[in-house]
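Below is one structure; the comments refer to it alone.
The values are calculated or read from the model by the stated rules, or taken from the named source; none is laboratory data. The structure displayed is predicted, hence computed values, not measured ones. So basically every Cβ, Gly included, is an ideal-geometry build from the backbone, and we count neighbours across all protein chains shown.
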Amino acid sequence: MRSIMLGNEAVARGAYEAGVRVVSSYPGTPSTEITESTARYSGIHTEWAPNEKVALEVAIGASVAGGRSMSAMKHVGLNVAADPLFTLAYTGVGAGLVVVVADDPGMHSSQNEQDSRRYAVAARVPMLEPADSAECRSFVLRAFELSERFDTPVLVRLTTRVAHSRTAVETGERLEAPLRAFVHDPAKYVMMPSNAKARRVVLESRIAELARYCEDEAESAGLHRWIRKGTRLGVVTSGIGFSYAEEALPDASILKLGMVWPVPVGLVRRFAATVDRLVVVEELDPVLETELRAAGIELEGKGLLPRIGEYSAATLRRALGDDDRKPAAFAPGSLPEAPVRPPVLCAGCPHKGVFLALARVKAVVCGDIGCYTLGALPPMKAMDTCVCMGASIGMAHGMDMAAGREFAARTIAVIGDSTFLHSGMTGLLNTVYNGGASTVLILDNSITGMTGHQQNPSTGKDIHGNAAPAVDLEALCRALGVRRVRVVDPNDTFATERALREEMAVPEPSVLIARSPCALLPDACRDDVLYRVEPSACTKCRACLKAICPAMSGGYDGPVVIDPEMCNGCGLCARFCKFDAIRKEDATS
């Protein structure tokens with residue numbers, strides 16, 4: 001059967017056809033749809049884990065028990081899962097285990113653009129890199145075969161353009177891979193030093209075997225492709241770089257590597273001998289280039305191509321002297337500039353009231369990863385740091401310890417409910433244990449919002465929408481040793497401000513939970529209530545625009561106007577109006 005699929009959907013299809021039994025992941029763009037798509041297939045236990053480390057550990061357990069397993073994550077998630085991954089390379093697997101990582105060149109939705117191929121090299125595990133959706137499916141199937149043949153986890157690397165592009169995929173039937181018998185083998189799976197030393201030797205032997213496979217069999221297995229054209233220019237590439245090279249350089253010979261680690265040096269050497277000029281095209285680090293140069297192969301790479309941001313066909317044409325081959329469809333300057341549309345918090349977003357309150361208390365705000373990172377932007381400008389998942393609480397405590405109580409009295413850590421459960425709990429425990437006095441603000445919007453409304457352990461539902469135990473955040477914080485825990489309504493921004501001032505004044509750790517559902521959840525929108533401006537009462541003071549709501553406009557030549565199609569009835573704007581010009585009305589009348 002032939003279907004049009006996202007690369008992420010095709011990965012899920014490949015896992016299904018491979019007979020996977022367990023998939024455990026944590027959502028993160030651009031990888032999220034892999035696990036969401038897997039959850040639609042019967043016969044696979046699919047779950048959202050609290051973080052990527054736990055997700056991979058679940059997959060490892062499933063593999064050791066004899067079932068094929070997979071874990072998917074974005075590139076920074078692989079940082080979190082690196083601890084088990086490196087030792088997993090020593091132990092090997094039971095049944096096949098595949099880790100899918102989606103990199104984000106250009107940082108469309110990420111705080112960095114690290115190259116996950118570095119993990120394959122450092123952990124010494126094989127990595128495959130598909131170029132389109134069809135290869136996403138077929139490479140995942142091949143990855144499970146390699147995992148079991150060589151007793152190793154296999155990394156499959158996507159990038160944003162592969163993960164979120166749609167191409168045709170030829171699907172097949174599911175392989176009902178039998179559950180393998182559990183093997184009691186402490187020497188293999190218990191990594192105390194004496195066992196780990198022996199497994200280190202096994203790891204090196206395995207890499208040598210994989211290198212031979214990559215040289216001798218990978219091309220016939222459909223992983224490498226040698227496209228013979230002209231001899232003037234040869235391109236060595238992988239993943240999305242192949243698509244760019246194929247479009248930009250139609251006369252060039254191309255060696256497309258599907259297995260990027262170990263690097264098939266001998267194959268590249270043979271390819272290089274057939275062309276006058278050899279260029280390596282890779283996003284983004286010079287991983288292939290470094291390996292090939294070390295092998296004495298003469299080539300060009302990052303001296304021509306950038307190390308920052310996504311590539312494109314135009315990038316290659318400019319770099320390789322063929323920029324005039326395809327003229328632009330429109331002359332430069334012939335089209336009007338698109339209006340600037342900075343990202344904003346949604347109409348009715350409960351985080352608005354929180355950040356307006358934070359701006360008024362003049363706090364030093366240690367932020368975290370989530371929609372609320374937008375609180376750093378004007379006009380709120382109420383976030384000072386954002387590093388990684390869970391960092392806000394540890395950083396606030398560090399400020400406390402370095403600068404003293406006077407500074408700590410104006411420092412607040414902001415973190416979302418899902419992020420708190422991902423990696424914020426240990427930071428809070430550290431604050432309590434080490435005598436800190438940070439104020440922690442947990443923004444509980446009842447969902448994992450930034451990645452597209454995935455469930456988490458605090459929502460009361462699992463990945464399938466079925467009822468699940470919901471973590472009691474208040475009880476959890478108290479169990480971690482926090483004595484002062486209270487809940488506020490973030491839509492009441494002035495009550496939130498008062499609560500913040502009170503908690504910042506106490507010389508001990510405290511937690512405020514700002515609880516209100518994400519405005520985009522079906523149950524959050526007040527279909528029965530909306531707000532409108534009474535023109536005769538509006539003084540055009542524009543105080544209501546402090547709510548920075550996309551549903552509001554005007555206030556210059558005439559009264560402020562609220563778009564009834566965008567208003568979700570949160571009432572934040574009405575709290576700013578001292579003239580009773582913003583009034584609630586029944587939306588059903």
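The sole residue among Arg317, Arg293, Arg225 that is surrounded by 15 or more Cβ atoms within 10 Å (Cβ to Cβ) and among the basic types (Lys, Arg) is Arg317. So Leu203 fits all but one of (1) modelled with pLDDT of 95 or more; (2) touching an Asp or Glu at 6+ places or on another chain (Cβ under 6 Å); what number is the exception? Every listed condition holds for Leu203 apart from (2).
Taking the criterion of being assigned to a helix (DSSP H, G or I) and either touching a helix residue (DSSP H, G or I) at 6+ places or on another chain (Cβ under 6 Å) or assigned by TED's automatic domain parsing to the domain that holds Val560 (or both), the residues of the stretch 482-500 that qualify are Thr493, Thr496, Glu497, Leu500.
Residues of the stretch 102-137 being touching a strand residue (DSSP E or B) at 6+ places or on another chain (Cβ under 8 Å) and basic (Lys, Arg), which ones? Correct list: Arg117, Arg137. Restricting attention to the stretch 362-406, the residues being in contact with a Lys or Arg (Cβ under 9 Å, 6 or more places away or on another chain) and farther than 29 Å from Val561 by Cα number 3.
Number of residues in the stretch 186-197 that are surrounded by 13 or more Cβ atoms within 10 Å (Cβ to Cβ) and either of a type in the set (Ser, Thr, Tyr) or part of a loop (DSSP other than H, G, I, E, B) (or both): the value is 2.
Given the structure, is Val11 in contact (Cβ under 8 Å) with a residue 24 or more places away in the chain, more than 22 Å from Asp132 (Cα to Cα) and in contact with a Ser or Thr (Cβ under 9 Å, 6 or more places away or on another chain)? No. So which residues in the stretch 39-53 are closer than 14 Å to Pro84 by Cβ and without any contact (Cβ under 8 Å) to a residue 40 or more places away in the chain? Those that are closer than 14 Å to Pro84 by Cβ and without any contact (Cβ under 8 Å) to a residue 40 or more places away in the chain: Ala49, Glu52, Lys53. Give the stretch 331-383 a look and list any residue that's in a loop (DSSP other than H, G, I, E, B), at pLDDT 90 or above and surrounded by fewer than 21 Cβ atoms within 10 Å (Cβ to Cβ), or say none. Within the stretch 331-383, just Lys362 meets the criteria.
In the stretch 460-470 there is no residue matching the filter, namely being in contact with a strand residue (DSSP E or B) (Cβ under 7 Å, 6 or more places away or on another chain), among the hydrophobic types (A, V, I, L, M, F, W, C) and either assigned by TED's automatic domain parsing to the domain that holds Cys570 or within 15 Å of Cys518 (Cα to Cα) (or both). Residues of the stretch 283-313 that are without any contact (Cβ under 8 Å) to a residue 60 or more places away in the chain and in a loop (DSSP other than H, G, I, E, B): Pro286, Ala295, Gly296, Ile297, Glu298, Gly301, Lys302, Gly303, Leu304, Leu305, Pro306, Arg307. Here is a check on your reading of the model: is Leu316 part of a loop (DSSP other than H, G, I, E, B) and of a type outside the set (S, T, N, Q)? No: the conditions fail for Leu316. When you check Ala543 against the structure, is it out of contact with any helix residue (DSSP H, G or I) (no Cβ under 9 Å at 6 or more places or on another chain), small (Gly, Ala, Ser) and farther than 30 Å from Thr459 by Cα, yes or no? Taking the combined requirement at face value, the residue does not satisfy it. Look at the stretch 139-150: where a residue is in the same structural domain as Val11 (by TED's automatic domain parsing) and a partner is part of a helix (DSSP H, G or I) and surrounded by fewer than 24 Cβ atoms within 10 Å (Cβ to Cβ), sitting 6+ places away or on another chain with Cβ atoms under 7 Å, you get Leu141/Glu17; Phe150/Arg206; Phe150/Glu209; Phe150/Leu210.
When restricted to residues that are surrounded by fewer than 23 Cβ atoms within 10 Å (Cβ to Cβ) and over 18 Å from the mean Cα position of the chain (by Cα), the stretch 68-82 contains 0.
Pull up the stretch 225-267, narrow it to residues that are without any contact (Cβ under 8 Å) to a residue 60 or more places away in the chain and under 21 Å from Gly309 (Cα atoms), then point me to the one that is nearest to the chain's Cα centre (by Cα). Filtering first and then ranking leaves Thr237. Among the residues here, Ser238 qualifies as surrounded by 14 or more Cβ atoms within 10 Å (Cβ to Cβ), among the hydroxyl-bearing types (Ser, Thr, Tyr) and under 20 Å from Pro105 (Cα atoms).
Per-residue answers, yes or no, for (1) modelled with pLDDT under 95; (2) surrounded by fewer than 12 Cβ atoms within 10 Å (Cβ to Cβ); (3) assigned to a helix (DSSP H, G or I):
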{"position": "Arg174", "(1), (2), (3)": "no, no, no"}
{"position": "Pro178", "(1), (2), (3)": "yes, yes, no"}
{"position": "Arg199", "(1), (2), (3)": "no, no, yes"}
{"position": "Cys214", "(1), (2), (3)": "no, no, yes"}
{"position": "Ala218", "(1), (2), (3)": "yes, no, no"}
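Residues in the stretch 229-261 that are hydroxyl-bearing (Ser, Thr, Tyr) and touching a helix residue (DSSP H, G or I) at 6+ places or on another chain (Cβ under 6 Å): Thr237, Tyr244. The stretch 389-446 holds helices (runs of 4 or more DSSP H) entirely within its bounds, and those carrying 3 or more residues that are surrounded by fewer than 23 Cβ atoms within 10 Å (Cβ to Cβ) and without any contact (Cβ under 8 Å) to a residue 12 or more places away in the chain map to 391-403.
Among the residues making up the stretch 126-172, a single one is surrounded by fewer than 22 Cβ atoms within 10 Å (Cβ to Cβ), of a type in the set (S, T, N, Q) and not in a loop (DSSP other than H, G, I, E, B): Thr167.
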